[in-house]
Amino acid sequence: MHPASGMNPVLEWARRHQREAPDENLIDDLRAGMSVDQAAERQGMPRAAVHGVQSYYEYLRHPAPLRVCAGTACRFAGGWMTSAALPGTAEVRCLGRCYEGRPCRTDQTPAPIPRRALVDEPVVLRHVLGAGGADPERLYRSVARPAAEEILATLAASGLRGRGGAAFPTAAKWEAARRVDAPVKYVVANGDEGDPGSYVDRLLLEEDPHAVLAGMCACARAIDSSGASGQNVVRGVVYVRAEYPAAAARACRAIAEATEAGLLPPGFAIEVHVGAGSYVCGEETALLRGIEGLRGEAQPRPPYPTECGLHGWPTVVQNVETLAIVPWLLESGRKPASKAFCLSGAVASPAVVEAGFGISLAELLARGGGGAAPRMPCPPWKMALIGGPMGRVLPVAAFDTPLGYDTLPGLGHGGVVVFDAAVSARDLAGHLFEFAASESCGACTPCRVGTAQLGHRPDRAALERLLDTLELGSMCGFGQGVPRPIRDLLQHFPDEMFPARGAR
Ligand SMILES: Cc1cc2nc3c(=O)[nH]c(=O)nc-3n(C[C@H](O)[C@H](O)[C@H](O)COP(=O)(O)O)c2cc1C
Ligand code: SF4
């Protein structure tokens, strides 16, 4: 605490950055085709700063008309590592079409997303299984009825933990934002879904956007501490990755529908922000910089976004799947016991599968994915990457591992890419190294320098030393998490990772 003001000096410094959201956004200007000079003049920014933003984002760097997916499932579709690059095209790290089982391209119409549930009462997929869909009025009513304190109490009792990867208790985050007294607050739906192998957020935004928006309404009501006076404002932003244009369009339409029907809380307006191609922008502090039109670099914490977030105001960032659960939870008062898993790779029927926490990977693949893909040799499976590039690699011998945030730290968002024996551990490691080096935001040295070195370590000991440096020295969850699947590969496939001399 600062002895004079009684306030945390970091927070005091951060508060000086509070400002009104500007009307123009630099990323939108550049996306619309403005030159660096024009954008610099319009934004009143130095040209170097505009260059910094333009060179950071894939879609601003390479405005190619045709993009080819180089995400994990597409890269290994067919069982071995393929090069996605084609002349005149640009690579994109995941189009969220992992279930299609082919290297996807933006000039092909996406196939509808298959989905199924292994639980009697699905929660995440409740409106997208079968015909019917959501009843928007009922959804918004379920979050408009309880008082703010009741919303927080129900949420806390439910034990809901965020589904975006960190598994942080949702109620604690909302309570923290409520405690801060500020005239403006934000709730942001994180629809960046950068993990290759995940596509449930795309499904929800495209087919059940009102559940997500209603979850945001519940959050807006819960964090607004102005009470009956109603003097404070809460604003909403849905952040959708550039690779999901249909999701962004559907979210915009749903906001218009809800606004027109008077279903949003009084004074609560929601807008959509489309990303520009950056994995790290899924990290909450980087995401907020992205919405502000800046380079999507992660920021040191504290201060946390709940104290000093978008444009300096207290902000709750919540994953799309987490938000979609909230209306069900407030209506039923029950604990959500299931989660969406996205299956892809060497399975017969890739799909979004809702299953109970604690299901084993083997059962999930057998009942949810129809078993091994028919083309697979016997034994078909070798390993699975779970939770994306900062997740876990399980060898087939460990497929009885129960899936849950406590039983498998690193479960992340629940993407599951399965590999057969044609994929070597070294190929998968090479793919992860390449991903890490090209997606590091560069804001801290261990990650900026370390990720570029990952593929050049001569032996296991040297690689492990580098992994230690990344894990201990990196500023955000990206550099800290990159070592996780690599360590699994080293543990389970040491000879493939570093063959003994003479055996190469
Ligand atoms: C490198 C990195 C990428 C991330 N990407 C995403 C993402 O795409 N979507 C997401 O919801 N959370 C992502 N997260 C987690 C967010 O920082 C944040 O914890 C989350 O959005 C909070 O929502 P939740 O509590 O509902 O999970 C990422 C974290 C890191 C470190
Ligand atoms: S760990 Fe990597 S992604 Fe995170 S702040 Fe450092 S350089 Fe950026």
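For every residue, the table says whether it meets (1) in a helix (DSSP H, G or I); (2) loosely packed, with under 14 Cβ neighbours inside 10 Å; (3) of a type outside the set (Ser, Thr, Tyr); (4) at pLDDT 95 or above.
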| site | (1), (2), (3), (4) |
| --- | --- |
| 211 | yes, no, yes, yes |
| 218 | yes, no, yes, yes |
| 234 | no, no, yes, yes |
| 238 | no, no, yes, yes |
| 252 | yes, no, yes, yes |
| 262 | no, yes, yes, yes |
| 270 | no, no, yes, yes |
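Against the condition more than 11 Å from ligand 2 (Cβ to nearest atom), buried (at least 19 other Cβ atoms within 10 Å of the Cβ), assigned to a helix (DSSP H, G or I) and of a type in the set (Asp, Glu), how does residue 488 come out, does it pass? Spelling it out, residue 488 is indeed more than 11 Å from ligand 2 (Cβ to nearest atom), buried (at least 19 other Cβ atoms within 10 Å of the Cβ), assigned to a helix (DSSP H, G or I) and of a type in the set (Asp, Glu). Taking helices (runs of 4 or more DSSP H) as the structural unit, those lying wholly within the range 1-45 and holding at least 3 residues that are of a type outside the set (Asp, Glu), surrounded by 15 or more Cβ atoms within 10 Å (Cβ to Cβ) and modelled with pLDDT of 90 or more correspond to 26-31, 36-43. Looking only at the range 293-302, residues that are more than 9 Å from ligand 2 (Cβ to nearest atom), more than 22 Å from residue 95 (Cα to Cα) and in contact (Cβ under 8 Å) with a residue 40 or more places away in the chain come to 3 in all. Criterion applied to 384, 397, 437 was being in contact with a helix residue (DSSP H, G or I) (Cβ under 9 Å, 6 or more places away or on another chain), within 16 Å of ligand 2 (Cβ to nearest atom) and modelled with pLDDT of 95 or more, and the one residue passing it is 437.
Which one is nearest to residue 276 (Cα to Cα), of the residues in the range 414-461 that are of a type in the set (Asp, Glu) and out of contact with any Ser or Thr (no Cβ under 9 Å at 6 or more places or on another chain)? That would be 434. The number of residues in the range 136-180 that are over 30 Å from residue 195 (Cα atoms) and within 16 Å of ligand 2 (Cβ to nearest atom) comes to 0. Contact map, the range 423-450: residues that are farther than 17 Å from residue 58 by Cβ and within 16 Å of ligand 1 (Cβ to nearest atom) paired with residues that are among the β-branched types (Val, Ile, Thr) and part of a loop (DSSP other than H, G, I, E, B), Cβ distance under 8 Å, separation 6+ or inter-chain. Pairs shown: 432/482; 447/482.
Of the residues making up the range 312-334, just one is away from ligand 1 (no atom under 13 Å from the Cβ), in contact with a strand residue (DSSP E or B) (Cβ under 8 Å, 6 or more places away or on another chain) and either among the hydrophobic types (A, V, I, L, M, F, W, C) or not in a loop (DSSP other than H, G, I, E, B) (or both), namely 313.
Would you check if residue 374 is surrounded by fewer than 24 Cβ atoms within 10 Å (Cβ to Cβ) and within 15 Å of ligand 1 (Cβ to nearest atom)? Here the answer is no, as residue 374 does not meet what is asked. The number of residues in the range 452-485 being more than 15 Å from ligand 1 (Cβ to nearest atom), in a loop (DSSP other than H, G, I, E, B) and not basic (Lys, Arg) comes to 2. Looking only at residues of the range 451-466 that are without any contact (Cβ under 8 Å) to a residue 24 or more places away in the chain and buried (at least 16 other Cβ atoms within 10 Å of the Cβ), we find that the one that is farthest from ligand 2 (Cβ to nearest atom) is 457.
Output the residues belonging to the range 292-309 that are more than 13 Å from ligand 1 (Cβ to nearest atom) and closer than 17 Å to residue 271 by Cα. 292, 293 - these are the residues of the range 292-309 that are more than 13 Å from ligand 1 (Cβ to nearest atom) and closer than 17 Å to residue 271 by Cα.
If you go through the range 404-423 and keep only what is assigned to a loop (DSSP other than H, G, I, E, B), in contact with a strand residue (DSSP E or B) (Cβ under 9 Å, 6 or more places away or on another chain) and over 18 Å from residue 201 (Cβ atoms), you end up with 404, 408, 409, 410, 421, 422, 423. Residue 289 falls short on exactly one of the conditions (1) touching a His at 6+ places or on another chain (Cβ under 9 Å); (2) within 15 Å of ligand 1 (Cβ to nearest atom); (3) assigned to a helix (DSSP H, G or I), and that condition is (1). In the set (1) in contact with a strand residue (DSSP E or B) (Cβ under 9 Å, 6 or more places away or on another chain); (2) among the aromatic types (Phe, Trp, Tyr); (3) buried (at least 22 other Cβ atoms within 10 Å of the Cβ); (4) farther than 22 Å from residue 78 by Cβ, the condition left unmet by residue 357 is number (3).
Scoring residue 495 on the criteria (1) without any contact (Cβ under 8 Å) to a residue 60 or more places away in the chain; (2) charged (D, E, K, R); (3) surrounded by 15 or more Cβ atoms within 10 Å (Cβ to Cβ) leaves a single failure, condition (3). Pairing residues of the range 279-290 that are under 20 Å from residue 14 (Cβ atoms) and in contact (Cβ under 8 Å) with a residue 40 or more places away in the chain with residues that are of a type in the set (Asp, Glu) and near ligand 2 (Cβ under 9 Å from one of its atoms), at Cβ distances under 9 Å and at least 6 apart in sequence or on separate chains, gives 285/297; 286/297.
The values are calculated or read from the model by the stated rules, or taken from the named source; none is laboratory data. Note that this is a predicted model, so its numbers are computed, not measured. Here the Cβ is made from the backbone with ideal geometry for all residues, glycine too, and neighbour counts use every protein chain on show.
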